[in-house]
Amino acid sequence: MDESVSLDTDDQLAIKGISGGLELLSEMGQDFAASLDLDATLLRGIERITTYVGAEAGALFLLQENGTILRCTASAGATEITGLTLASDEGIVGRCVQTDTGTIVRDVAKDPNFQNAIDAQTGFTTRSILCAPLSVKNEKIGAIELVNKADGDGLFGDDDLNLLQTLSASAALAVLNARMAEALVEQERLKRELELAAEIQRGLLPEASDASFPVHGVNLPARTVSGDFYDYFPLDDGRICFNLGDVSGKGMNAALLMAKTASLFRCLGKTIHQPGRLLALINEEICETVTRGMFVTMIGGIYDPRHGSVRLANAGHEPPLLHGTDGSFVGFPADVPPLGVMPLMSPDESFPEVEIALAGGSLYIFTDGVTEGYLEDGSEMQTEGLKKILADNREQAAPARLQAVISRIDQKGTALRDDLTLLVIDDGTTYAERLADPATADDQPPAADEETSEMVLHLKFTSRPDRLKLVRNAVFDTAMLCGCSEATARDIVIAIDEASQNVIRHAYKGASDGQVILDISREKDDIVLHLRDFAEKVDVSKIKPRDLDDIRPGGLGTHFIAEVMDEVVFIPPPDGTGNLLRMKKRIS
Amino acid sequence: MEHQISEQGNVVIASFEGDVDIHTSPDARKVLLDCVGRKSPVLVDLSQVSYIDSSGIASLVEALQTARKGGSDLALVAVSDAALRVLQLARLDKVFSIYDTVEAGLEGIG
């Protein structure tokens, strides 16, 4: 009975090796699985293996830098060689890795091939070496090297190699798993960061407005983050500042430039109410700081619900489309390049602005992701397709119209080709209100801002040339009263005189019984003049300053007005008849 | 608007006073074209002009062109601040010969 249970020493060792090895494997496996710090886990692993196999020192080498070097990432026992690097085929470790086979050099003294790569660097005396590769299938990862058996004659045996190889195989799998887990964690982290960026981006867009609000927008990114943006916010005087832009490219860099441009607009747009000036300033800023080759196409503008007018500047963007109440579509192409392409000649310059009378219609601004979006049949939507959808849905409320366009491009299961962004300024509601209440039209100054403006002069006169001297005197005195310098007052007189002449000569065509109304108000630091007539509509596009190189009589008046005033626009008259010219001049 | 015509040697001097605007410029135009019609050099004295508009400026340009076509000349003298501002706006301050005084004008154009 004794014999049946008594085992010789070698057998005992083998059994201890196997069962203890399994225990160690299980512990290491758990350790690797639980740890997020691969290096610390590897260190604990090599310490355990070194102790378990009973070596004086142990080191774990991993292939790094595309497999060109072996770096000791953890070491245990008599030598501390963490960080030591070898060429990937150098020494016993290198050979073991390259041939993917375990190696034993039982007694280095008897091995003529042994070249000591490490002793030279450590001063340690190597007598016996065990080395087992770390590999999974065909993927080489590194190797574990143990040096000098701690007890007995200090030399390793074949059992030691078998044990180490078993442990190494498991360690290799653990390293690989840990690396995959690390990559997954990194991927997850990037994904979370991207989602966070997208959330911040969505925060930059305005919240969906009430159906009764005239401005609505929609943005659908092709990827997590978007290079498109839009924004709108009411100004203190009831007007609404809006923008829509498209940054070149997609992805994170486009998203960052989008965030910058959108923030600049929102910040500057609250104080600068000239879209052309605003875009010029943003252009300066982007030109100074942007990465080469990136640019932003953008439209910035202001909608005045009281007059149904939009004033906008277009920097290289798709032409906005005005869908009139008569069903017509009119485009307004850009005549300046996108932002970030070219600094303006002088920092005081502005981008050109266009004044658009919506007259109850809707102005659509959109990115090329919309017109170049694929429809169900694989064809591009194009501007014509967009017009058709808008026309087909004209009876719908503004947000539903935008949704109708989006739903034609955004098909379930297919990735978007580009970010989709649309903005609409719908003049329908306020137009109806303006029509219903024309009483405000005649005598009230149209753009009076209750809180900050003071009505200073209200003058009615007939369209007779001999009345203009009286008008000039009144305007001069009014301007002086508002605090203008004499020179500024004279300039304002010139503008009003020339504008009144235009009314008499062109609008009333010389008839002397037409009625003209002049309102002058002071709005903060500006003097604002409204000149109203009740003649037939003048084609605003035909009224332009003449070319000054062409010296001949006539055509000068409009040029004078443009020269001396800061702002000159024809705005739609409140009840739709006649013409209304609004002029503005800074008082100081 | 008032005006006066005088002659010094071979030079005709037209002096205007008051506002030359859409109401009065047809008269000013007639006066100016009469003057250049005499085929003599013309000096236009604008020292007493309190206001001139684009139609007044247009009359001056027409007179200048007529004078030059006829081989004569027209110059402005003693231009008031109000008139100078409008000439500058029209970029015509470099097109017209402008003299500070009638005497300087006579010397320059006579």
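The values are calculated or read from the model by the stated rules, or taken from the named source; none is laboratory data. Note that this is a predicted model, so its numbers are computed, not measured. Cβ: placed from backbone, ideal geometry, glycine included. Neighbour counts: every protein chain shown. Please note that ligands, DNA and RNA were not included when accessible areas were found on the heavy atoms of the full protein model with its side chains. Shrake-Rupley method; radii C 1.70, N 1.55, O 1.52, S 1.80 Å.
Quick notes on this one:
- Surface accessible to a 1.4 Å probe, A:Lys537 within the full protein complex, Å²: 140
- Region A:307-385-region A:514-531 distance, computed between alpha-carbon centres (Å): 31
- Figure note: A:Arg202, B:Arg38 ranked by solvent-accessible area, largest first, 1.4 Å probe, ligands and nucleic acids not counted: A:Arg202, B:Arg38.
- Rounded to the nearest 500, the 222 nm mean residue ellipticity of chain A from helices alone is -12000 deg cm²/dmol, with -39,500 (n - 2.57) taken per DSSP H run of at least 4 residues.
- Tensor-based shape of region A:305-414 (alpha-carbon gyration tensor, a/c under 1.5 rounded, otherwise prolate or oblate): oblate
- Over chain B, relative contact order from alpha-carbon pairs under 8 Å, at least 6 apart, %: 26
- In sequence order, region A:419-433 has phi-based couplings of 4, 10, 9, 9, 9, 10, 10, 9, 8, x, 5, 5, 4, 4, 5 Hz under the Karplus curve 6.51 cos²θ - 1.76 cosθ + 1.60, θ = phi - 60°, and Gly or Pro positions carry x.
- Sequence of A:Ser26, B:Ser97, A:Ser463 from largest to smallest accessible area, 1.4 Å probe: A:Ser26, B:Ser97, A:Ser463
- Residues with amide H under 5 Å from that of B:Val49, placed H, sequence gap 5 or more: B:Gly18, B:Ser80
- With only the Cα atoms considered, region A:277-350 has a convex hull volume of 92 Å³ per residue.
- Filter on A:Lys469/A:Lys585; A:Lys509/B:Lys69; A:Lys460/A:Lys585; A:Lys460/A:Lys537 - keep pairs with C-alpha separation over 29 Å: A:Lys509/B:Lys69
- Cross-link reach list, lysines versus A:Lys260, counting only Cα pairs under 27 Å and skipping chain neighbours closer than eight places: A:Lys191, A:Lys250, A:Lys270
- With all protein chains modelled, accessible area of A:Thr429 [1.4 Å, Å²]: 70
- Number of partner chain Cβ atoms within 10 Å, mean per residue of A:495-502: 3
- Nearest 10 degrees, 0 to 90: helix A:468-481 Cα axis against chain A principal axis: 50
- Between 0 and 90°, nearest 10: helix A:398-409 axis offset from chain A longest Cα axis: 40
- Whole-percent carbon and sulfur share, accessible surface of region B:2-105, 1.4 Å: 45
- Separation between Cα centres of region A:247-300 and region A:61-106, rounded to whole Å: 54
- Residue-level accessible surface for A:Asp39, protein heavy atoms, 1.4 Å, Å²: 90
- Partnerless cysteines, meaning none of the other Cys C-beta atoms lie under 4.7 Å away, in chain A: A:Cys72, A:Cys241, A:Cys267, A:Cys287, A:Cys482, A:Cys484
- Take each residue in A:205-211, count the other chain C-beta atoms within 10 Å of its C-beta, and the mean is 0.
- Placing unit charges on each Cβ (+1 for Lys and Arg, -1 for Asp and Glu) gives the protein assembly as shown a dipole about its Cα centre, and among A:Leu580, A:Thr430, A:Ser350 the Cα reaching farthest toward its positive end belongs to A:Leu580.
- Cα-projected label distance for A:Ser379 with A:Ala487, points at 7 Å along beta-carbon direction, nm: 6.2
- Separation of alpha-carbon centers, region A:395-427 and region B:37-110, rounded to whole Å: 63
- Cross-link partners of B:Lys39 among aspartates and glutamates (Cα-Cα below 19 Å; sequence separation of 8 or more within a chain): B:Glu7, B:Glu62, B:Asp73, B:Glu107
- Kirkwood Rh, angstrom, chain B [1 / mean 1/r, Cα pairs]: 13.3
- Charges were assigned to the Cβ only: +1 to each Lys and Arg, -1 to each Asp and Glu. The resulting dipole of the protein assembly as shown about its Cα centre is roughly 2300 debye.
- Each residue, B:Asp81 and A:Asp158, gets one label point 7 Å from its Cα in the Cβ direction; the gap between the two is 11.7 nm.
- Between the beta carbons of A:Gln187 and A:Ala400, assuming R0 = 35 Å, the FRET efficiency works out to 0.35 to the nearest 0.05.
- Rounded to the nearest 10 degrees, the inclination of helix B:54-69 to the longest alpha-carbon principal axis of chain B is 20 degrees.
- Basic side chains Lys and Arg get +1 at the Cβ, acidic Asp and Glu get -1 at the Cβ, and with that the dipole of region B:2-105 about its Cα centre reaches some 540 debye.
- Ranking A:Phe366, B:Gln88, A:Gly217 by how far each Cα lies toward the positive end of the dipole of the protein assembly as shown (charges on Cβ) leaves B:Gln88 at the top.
- Relative contact order (%) - criterion: Cα under 8 Å, at least six apart; region: chain A: 9
- Local electrostatic count at A:Asp304 - Lys and Arg +1, Asp and Glu -1, tallied over other residues with Cβ under 9 Å: +2
- Computed over the Cα atoms of region A:209-257, pair by distinct pair, the Kirkwood hydrodynamic radius stands at 12.4 angstrom.
- Calculated FRET efficiency, A:Thr577 to A:Thr271, Cβ-Cβ distance, R0 = 30 Å: about 0.30 to the nearest 0.05.
- Taking the C-alpha atoms of the protein assembly as shown, convex hull volume expressed per residue in Å³: 272
- Placing +1 on the Cβ of every Lys and Arg and -1 on the Cβ of every Asp and Glu, with nothing else charged, gives region A:130-241 a dipole about its Cα centre of roughly 300 debye.
- Among A:Asn177, A:Leu339, A:Ile129 the positive-end extreme of the charge dipole of the protein assembly as shown (Cβ point charges): A:Leu339
- Note on B:Ser97/A:Met480: beta-carbon distance plugged into 1/(1 + (r/R0)^6) with R0 of 45 Å gives a FRET efficiency of 0.85.
- Within region A:523-537: backbone nitrogen closer than 19 Å to the A:Ser328 label point (7 Å, Cα to C-beta): A:536-537
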